[in-house]
1. Given the peptides 190-201, 240-251, arrange them by the average over their residues of other C-beta atoms within 10 Å, most packed first.
2. When Rg is the radius of gyration of the Cα atoms in the range 203-284 and Rh is its Kirkwood radius, what does Rg/Rh come to?
3. Report the calculated FRET efficiency for residue 214 and residue 46 (r = Cβ-Cβ distance, R0 = 22 Å), to the nearest 0.05.
4. Could the peptides 205-214, 53-62 be put in order, highest first, of the mean number of other beta-carbon atoms found within 10 Å of their residues?
5. In percent, how large is the relative contact order of the range 208-339, given Cα pairs closer than 8 Å and 6 or more residues apart?
């Protein structure tokens, strides 16, 4: 097992140094953008980031961020709904103030009628009749206003509850892939970071990043609707095989990330191989009715015992996946399995599986 490094110096300094060298301001949104670019989890982001050249302006970085990290560039949920909430509360307060004035007016009518009824001596029938009429009219008005207030309170409460529901749904979309229902790459990153909550004693687990071989060509051949149905089928296969406590996410295109809460590499490799076999058995028909030949899926695996921090756990898995793809695809590569310091039991004894 490799000695653990200080995560702060391994991640923060690495990214911060790169940002300093490129003259990038140390903004949180810039940090995550550079982090994602250096981790290589999104090849399209890496390509576009490199295409910016040596001098990366803040404007260019923000355009890139809006495309790949929109959560940093959209107004927060509260900010988006601030106007609505303020309007609802302003109307509510105005209604309460009107209710307060109305109650004061009603109180004056009651007081006037009470004084007329309690007046010593002979009571003027006309004055008493006027007081009763005024009291009756005021009471009827209050009954109507009370009904309106109740309806208004119910409506305002429903409106605020709807705003809260929309906020919760919008927040959930950041961590749930709309197409497959799996987690997003952001959810995967959050789960990976929790593995190293205690840097000196990370959770024993394994990360696997997989990609359907030649997915882009497949998507072009099948068309978007069929390709999306295939991704949904792939997600169902993964969900059926991966444990309930494990994490399954879709990054983009045909790329998926899995986090297994076990340090048993044999168990991880068994699950990965089961996913691959079920995928090969999936039948796909093209729009012209012809069936696609069995599809392969390449994976890169890294155990937390091989990575000193969250950045490297993801990065090493990506490197292992790159090795699998460089070998022609339909391959599983385990990062560090060729290290002479590792026991032989760490090797995967299966066809199409290579050490990184």
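No lab work stands behind these numbers, since they all come straight from the coordinates. Everything quoted here is computed from the prediction, not taken from an experiment. FYI the Cβ positions are ideal-geometry reconstructions off the backbone, even for glycines, and counts take in every protein chain you see.
1. In descending order of packing, they fall as 240-251, 190-201.
2. With Rh from the inverse mean 1/r over Cα pairs, Rg/Rh is 0.99.
3. The formula returns an efficiency of 0.70 here.
4. The packing order, highest mean first, is 205-214, 53-62.
5. That works out to 27 percent.
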